[in-house]
Amino acid sequence: MKAIVQDQYGSPDVLKLAEVEEPTPKDDEVLIKVYAVSVNGSDWEGLRGKPLYARIGGLRKPSNKILGSDIAGRVESVGENVKQFQPGDDVFGEMADYRGGFAEYACTSEKLLARKPAGMTFEQAAAIPQAAVIALQGIRDKGQVQPGQTVLINGAGGSAGTFAVQLAKLYRAEVTGVDNTGKMDFLRSLGADHVIDYTREDFTRNGKQYDLILDVIAHRSVFALKRALNPGGTYFVVGGSVATLFQVLFLGPLIRRSEGKNLRVLAVERNQKDLAAITELFKAGKIIPVIDRQYLLREVPEALRYVGEGRARGKVVIRIEHDIQ
Ligand SMILES: NC(=O)c1ccc[n+]([C@@H]2O[C@H](COP(=O)([O-])OP(=O)(O)OC[C@H]3O[C@@H](n4cnc5c(N)ncnc54)[C@H](OP(=O)(O)O)[C@@H]3O)[C@@H](O)[C@H]2O)c1
């Protein structure tokens, strides 16, 4: 099969379209003919090997050479123990180790898959998994946002951010979206009540405070971050600098005890229940995957460059046209 292969960490130039062996499903896995796969911030991190957590699967070079985490396609075959899916089913979901999706075929655990409803395109389905589940858990489950609360989403114009803005508005919060200059109108169009251009204003230094902050691209110190929280407020780091992650892990509990402000790491738990919940929200017209651009498999390097340079508004999706790459 054809796949986009990464032999080393680096720029999009290290990526090559190559012929590789088609994967074989393990007992609990499903082999999927991939029709669409979306790009996440985690693909950009996995390409560059930065931050350091992006090298968990290989310190010097990636052990799984194929990036791509969120897939949608049709079941080709299933492992012995797979109970929920059979060949011909249309499904979407995540790759177990966030890799393997930029390919014509991919194998993943049935536990990370959901059925694609008829009214959802493969491109929309591929845009959902990682990003929407981060948003659902950050805003609804762990964030437990209440009507009228103030919510700030840092990195609001990217993959997870565009779902988080929509969900926070759905739960009737007052939403502030933070992203770069070019995405201000885009954030308003998603429903953000207020926008902050991070190139001009630091949300931790403008005197405003929030009940919930979802930080997709953290890089500030916990001391700056707690300033932006209301008393009793909650901050979640989703991704970003390892320094902030460690500060939140080790200083967060101290700040919680001394000041009652909750600074935590959002450890996303991947499951079918959340994919099903988002599917229902989609079917009800309450959540829409915002797809900025689509590319073909051979164009993955350009797609990653577009996301990495911060130009994407929402999601970028790779369409896989079998036999005509
Ligand atoms: N915690 C977990 O369990 C878990 C699970 C899965 C993934 N993750 C992580 O979650 C993150 C998901 O990111 P994503 O896919 O949403 O990324 P994305 O699509 O790249 O979006 C990031 C957004 O942040 C903007 N941005 C960049 N620098 C910023 C700054 N200083 N202030 C405010 N906004 C800024 C970017 O725009 P510009 O670059 O144009 O400015 C972009 O719009 C990744 O780090 C991934 O590793 C965490």
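For beta carbons closer than 9 Å, sequence separation of 6+ or different chains, a first residue in segment 123-148 that is acidic (Asp, Glu) and a second that is in a helix (DSSP H, G or I), the qualifying pairs are ASP141/ASP274. Filtering segment 11-60 to residues that are open to solvent by less than 20 Å² (accessible area, probe 1.4 Å) and assigned to a loop (DSSP other than H, G, I, E, B) leaves ASN40, GLY49, GLY58.
Restricting to segment 36-45, name every residue that is out of contact with any strand residue (DSSP E or B) (no Cβ under 8 Å at 6 or more places or on another chain) and among the small types (Gly, Ala, Ser).
Matches in segment 36-45: GLY41, SER42.
If you take the residues of segment 295-325 that are aliphatic (A, V, I, L, M) and in a helix (DSSP H, G or I), which of them is nearest to the ligand (Cβ to nearest atom)? Residue satisfying both the conditions and the ranking: VAL307.
Restricting to segment 200-230, name every residue that is assigned to a helix (DSSP H, G or I) and exposed (fewer than 14 other Cβ atoms within 10 Å of the Cβ).
The initial filter retains those residues of segment 200-230 that are assigned to a helix (DSSP H, G or I), namely 222-227.
Answer for segment 200-230, where residues must be assigned to a helix (DSSP H, G or I) and exposed (fewer than 14 other Cβ atoms within 10 Å of the Cβ): just PHE223.
Taking PHE203 and the conditions (1) under 25 Å from GLY260 (Cβ atoms); (2) away from the ligand (no atom under 11 Å from the Cβ); (3) out of contact with any Phe, Trp or Tyr (no Cβ under 8 Å at 6 or more places or on another chain), which numbered condition does it fall short on, given that it satisfies the others? Result: PHE203 passes all but (2).
Among the small types (Gly, Ala, Ser), surrounded by fewer than 18 Cβ atoms within 10 Å (Cβ to Cβ), without any contact (Cβ under 8 Å) to a residue 40 or more places away in the chain and not in a loop (DSSP other than H, G, I, E, B): is that true of ALA267 in this structure? In short, no. Looking only at segment 270-294, which residues are over 20 Å from VAL34 (Cβ atoms), open to solvent by less than 20 Å² (accessible area, probe 1.4 Å) and either more than 16 Å from the ligand (Cβ to nearest atom) or in a helix (DSSP H, G or I) (or both)? Within segment 270-294, just ASP274 meets the criteria. Looking across GLY93, GLY101, one residue alone is part of a loop (DSSP other than H, G, I, E, B) and more than 22 Å from LEU245 (Cα to Cα). It is GLY101.
In segment 236-257, which residue that is away from the ligand (no atom under 13 Å from the Cβ) and open to solvent by less than 50 Å² (accessible area, probe 1.4 Å) is nearest to the chain's Cα centre (by Cα)?
By that ranking, first place goes to GLY252.
Does segment 151-162 contain at least one residue that is open to solvent by 60 Å² or more (accessible area, probe 1.4 Å), closer than 16 Å to GLY138 by Cβ and in contact (Cβ under 8 Å) with a residue 40 or more places away in the chain? I'd like the intermediate steps shown before the answer.
Initial filter on segment 151-162 (open to solvent by 60 Å² or more (accessible area, probe 1.4 Å)): none.
No; the residues of segment 151-162 include none that is open to solvent by 60 Å² or more (accessible area, probe 1.4 Å), closer than 16 Å to GLY138 by Cβ and in contact (Cβ under 8 Å) with a residue 40 or more places away in the chain.
Can you name every one of the strands (runs of 3 or more DSSP E) wholly within segment 105-199 that holds 1 or more residues which are within 11 Å of the ligand (Cβ to nearest atom)? Of the strands (runs of 3 or more DSSP E) lying wholly inside segment 105-199, those with at least 1 residues that are within 11 Å of the ligand (Cβ to nearest atom) span 150-154, 174-179, 194-197.
The values are calculated or read from the model by the stated rules, or taken from the named source; none is laboratory data. Because the structure is a prediction, the values reported are computed rather than measured. Cβ: placed from backbone, ideal geometry, glycine included. Neighbour counts: every protein chain shown. Keep in mind that these areas ignore ligands, DNA and RNA; they rest on the heavy atoms of the full protein, side chains included. Shrake-Rupley method; radii C 1.70, N 1.55, O 1.52, S 1.80 Å.
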